[in-house]
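What follows is a set of notes on a single structure, which appears directly below.
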Amino acid sequence: MSSPAPAGKAPAGAARPAGAASGKDVRLAAEAWESLFRSQVAVMRRLQSGPAFKKLPVKEYDVLFTLSRCPTGKLRLNEINDHVLLSQSSLSRLVDRLEKRGLVERSIAPEDGRGILLGLTEAGVALQKEIGREHVRDIAELLLPALSATEQQELMRLTEKLRSGLPD
């Protein structure tokens, strides 16, 4: 068992406040970010080129997926925007395209009568599930040879820790 850190000193390996970062810490953070980012880009390029996204572009699928995970099945546009990597105006145009394809529908928010809710149509649910099944298989084909089950769990733990540690 390790002894406690001296008063005023963080234990070895503990996160430091951003203002207390040394040059070495800053370089390491930048290298870790670059590694995470480049891995994400490489994986996404492979996934986007797979058969799952021939039916619908990734960004459009992301909106369908976000709606499918909502317990009520409906979200406001700004709530969807919290989960996707698009500007509000780009998201609005994307939603218009999805609506024209019959994959999503708008409705009035019952709690205020002015807000607009977005939900999946039956066709949207079916397409999201179809693409989702293919997408999960494609993910498994990429991750299973590269990472053990333990490493996948560690990756999930670390990325969740990163997300939850970000300021609002």
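None of the figures in this text is laboratory data; all of them are computed from the coordinates on show. Small disclaimer: the values here were computed from a predicted structure and weren't measured. Every residue, glycine among them, receives a Cβ derived from its backbone with ideal geometry; neighbour counts consider all protein chains shown.
Structural remarks
- Each residue in region 141-168 was checked for being of a type in the set (A, V, I, L, M), over 20 Å from Thr66 (Cα atoms) and within 17 Å of the chain's Cα centre (by Cα), and 5 of them qualify.
- Region 96-140, residues that are over 13 Å from Phe65 (Cα atoms), surrounded by 15 or more Cβ atoms within 10 Å (Cβ to Cβ) and of a type in the set (Val, Ile, Thr): Ile139
- Residue tally, condition among the β-branched types (Val, Ile, Thr) and farther than 16 Å from Glu105 by Cα, over region 77-95: 1
- Any hit, region 63-84, residues being free of Cβ contacts under 8 Å to residues at least 40 places away in the same chain and either part of a strand (DSSP E or B) or more than 30 Å from Asp168 (Cα to Cα) (or both): no
- Of residues in region 47-62 being surrounded by fewer than 13 Cβ atoms within 10 Å (Cβ to Cβ) and touching a residue at least 12 places away in the same chain (Cβ under 8 Å), the one nearest to Thr121 (Cα to Cα): Lys55
- Per this entry, Gly102 is counted among residues that are outside any helix (DSSP H, G or I), out of contact with any strand residue (DSSP E or B) (no Cβ under 7 Å at 6 or more places or on another chain) and not acidic (Asp, Glu).
- Members of region 142-166 that are surrounded by 12 or more Cβ atoms within 10 Å (Cβ to Cβ) and among the charged types (D, E, K, R): Glu154
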